[in-house]
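**Q** First the structure, then my questions, so here it is.
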Amino acid sequence: MVPMPANRFGGANRHRGFPFSLPAGKKSGEVHDADRAISFLEGLKIPEGPHAGKPLRLASFQRSFVAGALDPANMVSALSIGRGNAKTALASGLALGAVMGEWDKQPRREIIFAARNRDQAKIAFNFVCGYIGGLPKAKRDKFQIRRGSRLEVEFEGNGGGLARCVAADGRSILGGAPVLAILDERAAWEKDKGDELENGILSGLGKRGGKALIISTSGADDANSFSRWLDNPPDGTFIQEHRPTPGLPADDLESLLVANPGALEGIGSSPEWLLAQARRAIARGGNALSSFRNLNRNERVCADNRSVLITTDEWLSAEVAPDALPPREGECILGVDLGGSRSMSAAALFWPRTGRLEAVGTFPGNPSLSDRGAADGVGARYSEMKDRGELSVLGENVVPAGPWLASVLRLADDAAISCIVGDRFRHSEFLEAMQKAGIRAPFIARGMGFKDGSEDIERFRAALFERKIKVAPSLLLRSAFADCITLIDPAGNHKVTKSRSCGRIDAACAAILAVAEGMRRVARPVKQARPALWV
């Protein structure tokens with residue numbers, strides 16, 4: 001396995017590592033908002049759970065988030081972490097401090113709890129009410145809690161403050177001027193209504209120097225609005241993301257603790273419970289495993305199995321040690337996905353007789369692999385693929401198709417290429433490239449829609465599930481299949497779609513084309529030579 005950074009902090013302002021450090025520009029001895037907030041939070045009492053009534057103690061990852069969120073340079077802060085790590089409880093404590101004016105003395109402060117629906121917003125509201133119940137009576141008497149048609153908490157001291165719940169139900173909240181807004185479980189919001197509510201909240205933050213806390217487990221894919229905050233944060237954004245290396249087994253303890261840093265500090269689920277749930281999810285498979293990866297491992301996995309090409313665990317079952325790979329014997333099928341200036345060009349070599357699969361990818365030289373990795377939100381993954389020999393660089397702004405196909409043939413060495421399979425809509429480009437590369441093998445055009453795509457996907461899945469595919473551990477293929485999802489028509493037919501903003505699925509598409517054609521050839525009956533008849 002190729003290690004990646006255990007925790008990824010991104011954006012215009014990225015806080016790297018624990019424990020808590022001083023906000024930017026702070027001198028020793030100064031008291032800033034983060035110090036006041038931490039002091040206030042640790043003066044509260046835990047409102048529920050096995051430690052109810054005990055003083056609240058912040059974990060190191062919580063201190064880091066408070067420091068980044070209340071840094072004057074940041075207007076928006078996003079926290080992505082596994083379920084059960086007290087992210088809502090932490091944000092609710094900050095909301096209570098904002099209502100009371102512990103670090104912001106503006107009069108008539110407005111705080112917003114925003115969620116997909118009223119019940120979800122009520123979770124944060126109940127945490128605030130629980131914290132209020134643990135305050136001294138003199139402070140409790142200054143609160144009015146309304147639980148009717150409107151969920152509100154009003155504070156009458158220190159200039160006054162009001163916290164209220166709103167839901168992403170399509171109603172506009174224009175006109176508000178919050179000093180703090182909490183967008184809870186942002187990845188679960190409906191796209192259009194959620195984006196409308198988010199834009200309405202953020203448009204009002206500038207009126208009074210307000211801040212927004214966007215907290216959630218990971219979205220299902222890179223196209224999710226919360227994922228876009230994490231991958232492409234604008235200036236004035238602080239990102240703290242606890243997401244493990246993709247492609248690891250669900251019960252890998254080290255990566256589980258990356259997504260659940262509170263487990264070692266007495267917050268949320270224990271490591272033993274997480275391991276037990278991981279093994280239960282593996283045993284059940286399907287939707288249970290996808291949900292565990294998304295919610296507890298904080299991975300970008302769609303919990304609806306019908307739209308996932310294959311799960312990570314299903315793909316890992318095809319990986320074998322390099323010395324255990326079957327030989328290159330028999331005919332070889334070459335599947336190709338031609339890329340453009342931004343896309344990767346990928347090729348997959350498949351030997352149907354033995355089941356051996358190999359794949360390579362190529363990017364143009366401009367921009368560099370490190371710049372592409374930063375733009376795609378994958379860090380140094382492309383450079384790691386290049387070091388492993390799975391990814392190469394060719395050309396300046398576009399991968400030249402002819403020389404690239406020639407380099408793929410050199411990689412295949414003495415393999416007998418029986419055919420090349422590619423996209424029907426790039427037919428003329430393939431023919432030109434094959435002529436330049438001096439390839440005389442026939443070209444088989446396959447459509448990428450429901451007609452051809454559904455058949456290719458089912459043949460690929462069948463080969464994988466029947467253990468007819470053997471591949472060496474490949475970060476290129478792991479990443480591609482982790483990002484590859486399908487669209488389904490009313491008749492239940494699948495086709496591959498790139499429904500993610502950054503996912504590179506070119507290697508997966510090439511592998512599907514090669515394996516599907518190989519399985520078609522294996523399934524064809526062998527023609528028996530008819531004996532000569534003498535009349």
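The values are calculated or read from the model by the stated rules, or taken from the named source; none is laboratory data. Keep in mind it's a predicted model, so treat the numbers as computed, not measured. For neighbour counting, all protein chains shown are included, and Cβ atoms are generated from backbone atoms with ideal geometry for every residue, glycine included. Heads up: the accessible areas ignore ligands, DNA and RNA and are worked out on the full protein's heavy atoms, side chains in. Shrake-Rupley method; radii C 1.70, N 1.55, O 1.52, S 1.80 Å.
**Q** Hey, got the dipole for the chain? About the Cα centre, +1 on K and R Cβ, -1 on D and E Cβ, debye to the nearest 20? Let's see the in-between values first.
**A** On the way: 72 positive and 62 negative charges, 174 e Å.
The calculated dipole for the chain is roughly 840 debye.
**Q** Additional query: Could you tell me what fraction of 2.2 N^0.38 Å the Cα radius of gyration of the chain comes to, as a two-decimal ratio?
**A** Details: Rg = 27.3 Å, N = 535, 2.2 N^0.38 = 23.9 Å.
So the Cα radius of gyration is 1.14 times the expected 2.2 N^0.38 Å.
**Q** In the chain, with Lys and Arg counted as +1 and Asp and Glu as -1 at Cβ, which of these residues, Val515, Asn493, Gly157, has the Cα nearest the positive end of the dipole, that is, farthest along it?
**A** The Cα lying farthest towards the positive end belongs to Gly157.
**Q** In addition: If each residue of separation counts as 0.36 nm, what is the full-extension length gain between Arg57 and Lys191 once their alpha-carbon separation is subtracted?
**A** Result: 44.7 nm gained on full extension.
**Q** If I model a spin label as a point 7 Å beyond the Cα along the Cα-Cβ vector, how far apart are those points for Lys451 and Ser39 in nm?
**A** 7.3
**Q** Something else: Tell me, what is the per residue accessible area of segment 120-207 in Å², probe radius 1.4 Å?
**A** Details: 4080 Å² over 88 residues.
Solvent-accessible surface per residue comes out at 46 Å².
**Q** Something else: So what's the back-of-envelope 222 nm ellipticity for the chain, counting only DSSP H runs of four-plus at -39500 (n - 2.57) apiece and dividing by all residues, rounded to 500?
**A** Working: 18 runs with 192 residues, N = 535.
Computed mean residue ellipticity for the chain: -11000 deg cm²/dmol.
**Q** Right, another one. What pairs in Lys87/Lys211; Lys105/Lys207; Lys386/Lys468; Lys45/Lys139; Lys87/Lys122; Lys87/Lys193 have C-alpha atoms more than 18 Å from each other? If you can, show how the numbers build up before the last one.
**A** Working: Lys87/Lys211 16 Å; Lys105/Lys207 15 Å; Lys386/Lys468 27 Å; Lys45/Lys139 14 Å; Lys87/Lys122 15 Å; Lys87/Lys193 23 Å.
Table pairs above 18 Å Cα-Cα are Lys386/Lys468; Lys87/Lys193.
**Q** Treating the angle as unsigned and between 0 and 90°, give the value, to the nearest 10°, between the Cα long axis of helix 87-100 and the longest Cα principal axis of the chain.
**A** The angle comes out near 30 degrees.
**Q** May I pose another question? Helix 506-523: angle to the longest alpha-carbon principal axis of the chain, degrees 0 to 90, nearest 10?
**A** Long axis of 506-523 versus the principal axis of the chain: about 40 degrees.
**Q** Right, something else. Over every pair of different alpha-carbon atoms in segment 120-244, take the mean of 1/r and invert it; report that Kirkwood radius in Å. Walk me through the numbers on the way to the answer.
**A** Details: mean 1/r = 0.0619 Å⁻¹.
Evaluated on segment 120-244, it is 16.1 Å.
**Q** Do any GluC sites (Glu not before Pro) in segment 301-401 lie in a loop, going by DSSP, with at most 13 other beta-carbon atoms within 10 Å of their beta carbon, and if so which? Provide the component values of the computation, followed by the final result.
**A** Working: sites: Glu314, Glu319, Glu329, Glu331, Glu358, Glu384, Glu390, Glu396; in loops: Glu329, Glu390, Glu396.
Of the GluC sites (Glu not before Pro), the ones in loops of segment 301-401 whose Cβ has at most 13 other Cβ atoms within 10 Å are Glu329, Glu396.
**Q** Using the Cα atoms as the points, what is the convex hull volume per residue of segment 357-458 in Å³?
**A** That works out to 139 Å³ per residue.
**Q** What full-extension length gain, to one decimal in nm, is calculated for Glu458 and Ala416 as 0.36 nm per residue of separation minus the Cα-Cα distance? Mind showing how you got there, number by number?
**A** Details: separation 42, 0.36 × 42 = 15.12 nm, distance 2.58 nm.
Taking Glu458 through Ala416 to full extension adds about 12.5 nm, to one decimal.
**Q** Given the options Pro442, Ala78, Ser291, identify the residue whose Cα lies farthest towards the positive end of the charge dipole of the chain (+1 on Cβ of Lys, Arg; -1 on Cβ of Asp, Glu).
**A** Sorting the options by dipole projection puts first Ser291.
**Q** Right, another one. Which of rounded, prolate or oblate describes segment 403-474 when judged by the alpha-carbon gyration tensor and an a/c cut-off of 1.5? Walk me through the intermediate numbers first.
**A** Values: a/c = 2.57, a/b = 1.27, b/c = 2.03.
Verdict is oblate for segment 403-474.
**Q** I've got another one for you. What whole-number value in Å² describes the accessible area per residue of segment 326-482 for a 1.4 Å probe?
**A** Numbers: 6700 Å² over 157 residues.
Averaged over the residues of segment 326-482, the accessible area is 43 Å².
**Q** Just tell me which lysines come within less than 17 Å, Cα to Cα, of Lys495; anything on the same chain fewer than 8 places away is out.
**A** Filter leaves Lys451.
**Q** Please compute the Cα-Cα pair-distance distribution of segment 30-152 with 5 Å bins starting at 0, giving whole percents from short to long.
**A** Histogram of Cα-Cα distances, whole percents per bin: 2, 9, 20, 25, 22, 15, 6, 1, 0.
**Q** Where both residues lie in segment 128-245, what percent of DSSP beta bridges are antiparallel, nearest 5? Walk me through the numbers before you get to the answer.
**A** Working: 9 of 14 bridges.
Bridges in segment 128-245 that DSSP calls antiparallel: roughly 65 percent.
**Q** What part of the accessible area of segment 311-408, given as a whole %, is carbon or sulfur when the probe is 1.4 angstrom? Show your work: numbers first, answer last.
**A** Values: 1810 of 3610 Å².
Using a 1.4 Å probe with all protein chains present, segment 311-408 comes out at 50 percent carbon and sulfur.
**Q** While we're on this one: Would you calculate the separation in nanometres between label points at Val393 and Glu466, each defined as 7 Å from the Cα along the Cα-to-beta-carbon direction?
**A** So the two model labels end up 4.3 nm from each other.
**Q** Roughly how tilted is helix 286-295, in degrees to the nearest 10 and between 0 and 90, from the longest Cα axis of the chain?
**A** For 286-295 against the chain, the angle is about 50 degrees.
**Q** Give, in nm to one decimal, the length gained when the segment between Ala276 and Glu154 is fully stretched (0.36 nm per residue of separation minus the Cα-Cα distance).
**A** Values: separation 122, 0.36 × 122 = 43.92 nm, distance 4.29 nm.
Gain on stretching Ala276 to Glu154: 39.6 nm.
**Q** What does DSSP give for the chain in terms of the percent of beta bridges that are antiparallel, rounded to the nearest 5?
**A** Roughly 40 percent of the beta bridges in the chain run antiparallel, per DSSP.
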